[in-house]
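Asks: Sharing a structure, written as structure tokens. Questions coming.
Where a number appears in this text, it was derived from the coordinates with a stated rule and is not lab data. In this text the structure is predicted, and so the values were computed from the model without any measurement. Glycine also receives a Cβ, built like all others from the backbone with ideal geometry; neighbour counts cover every protein chain displayed.
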Amino acid sequence: MPAQDSLVIFFHGIGASGAQLMPLATSWRAALPNSRFVAPDAPFTHWRGHQWFRIDGNPLAPESIKSAREGFDRTVSEIIRRERFEARLDRVAFVGVSQGAIVALDGVASGRWQVGALVSFAGLLALMQVSSRSNETPVLLVHGKDDRTIPPVASTMAASQLGAAGFRVEVDILPAVGHTISPGGAARALEFLEKSLE
């Protein structure tokens, strides 16, 4: 019996574009043959590409991250409607890197999105009251030990915040990896998605 189909939505980092994450999708297709992969561009422009929220002043201020919610939710809603997953959010996975991971984590931790899985690469969770509404969503936090942009302690702290709200969280701090998606991190994420979306 074939596995159910699923939808994996990628969220890129600041100054990037969705297209830059499609090679990762291509590498995962064989292991997730019934999955559809979508990598939208963030709604705000950046001098190098796109961004989910502007980074004027303190880029990690809760207000900055909250300012991304309307654009993020609109982007996700359009994709889910177009791909016809409105009644099957448990078959949807969020995969974000850097700023994309920040908005994906915020979307789930705030209780706005109850999806089937969430993978954060080199992300962080703003200090906030984490909602238990989405705590059925399993979460994987992957972070490079040598990340100088967002230190790995950010993922450790996010795991504590989410765990306190009843989330099942896995954390992988990868040695000799900086602020990027490494081959090892990508393999770990794929294994997690195969398990979460089976």
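Asks: Compute the distance in nm between two label points, each set 7 Å from the Cα along the Cα-to-Cβ direction, one at Ala187 and one at Ile55.
Replies: Placing both labels 7 Å beyond Cα along the Cβ direction yields 3.0 nm.
Asks: Additional query: Taking 8 Å as the Cα distance limit and 6 or more residues as the minimum spacing, I'd like the relative contact order of the chain as a percentage. Walk me through the numbers on the way to the answer.
Replies: Values: 420 pairs, mean separation 36.1, N = 198.
For the chain, the relative contact order is 18 percent.
Asks: Right, another one. Of the candidates Gly100, Gly111, Gly123, which one comes out as most mobile in a Gaussian network treatment of the chain with C-alpha springs shorter than 10 Å?
Replies: In the Gaussian network model the winner is Gly111.
Asks: Taking the Cα centre of the chain as origin and charging only Cβ (+1 Lys, Arg; -1 Asp, Glu), how large is the dipole, in debye to the nearest 20? Don't skip to the end; give the middle numbers.
Replies: Numbers: 19 positive and 19 negative charges, 42 e Å.
Around 200 debye, computed over the chain.
Asks: Let me ask something else about it. Could you calculate the contour length gain from Glu78 to Ala176, that is, 0.36 nm times the residue separation minus the distance between their Cα atoms, to one decimal place in nm?
Replies: Values: separation 98, 0.36 × 98 = 35.28 nm, distance 3.78 nm.
Additional length available on full extension: 31.5 nm.
Asks: So if R0 is 41 Å, what FRET efficiency would Arg148 and Arg112 give, r being the distance between their Cβ atoms, rounded to the nearest 0.05? Don't skip to the answer; put the middle values down first.
Replies: On the way: r = 31 Å, r/R0 = 0.75.
Approximately 0.85, to the nearest 0.05.
Asks: Tell me the label-point distance for the pair Leu127, Glu70, using the 7 Å Cα-to-Cβ offset, in nm and rounded to one decimal.
Replies: Between Leu127 and Glu70, the label points sit 2.7 nm apart.
Asks: Continuing with the same structure: Taking amide H atoms as placed 1.01 Å from N in the peptide plane, list the residues 5 or more away in sequence, or in a different chain, whose amide H sits under 5 Å from that of Ser35.
Replies: Result for Ser35 returns Ser6.
Asks: Could you give the length gained by full extension between Arg88 and Arg36, i.e. 0.36 nm per residue of separation minus their alpha carbon distance, to one decimal place?
Replies: 17.4 nm
Asks: Given labels modelled 7 Å from the Cα in the Cβ direction, how far is it in nm from Thr26 to Thr156?
Replies: Output for this residue pair reads 3.7 nm.
Asks: Now a separate question. Which option, (1) 22, 19, 18; (2) 35, 20, 17; (3) 27, 21, 17, is the value of semi-axes √(5λ) of the Cα gyration tensor in Å that was calculated from these coordinates?
Replies: Of the listed options (1) 22, 19, 18; (2) 35, 20, 17; (3) 27, 21, 17, (1) comes from this structure.
Asks: Which chymotrypsin sites (Phe, Trp or Tyr not before Pro) in the stretch 8-109 pass both tests, a DSSP loop state and at most 14 other beta-carbon atoms within 10 Å?
Replies: Numbers: sites: Phe10, Phe11, Trp28, Phe37, Phe44, Trp47, Trp52, Phe53, Phe72, Phe85, Phe94; in loops: Trp47, Trp52, Phe53, Phe85.
Answer in residue order: Trp47.
Asks: Okay, next question. I want to verify a result. In a Gaussian network model of the chain, Cα cutoff 10 Å, which of these has the top mean-square fluctuation: Ala42, Ala31, Ala165?
Replies: The residue that fluctuates most here is Ala31.
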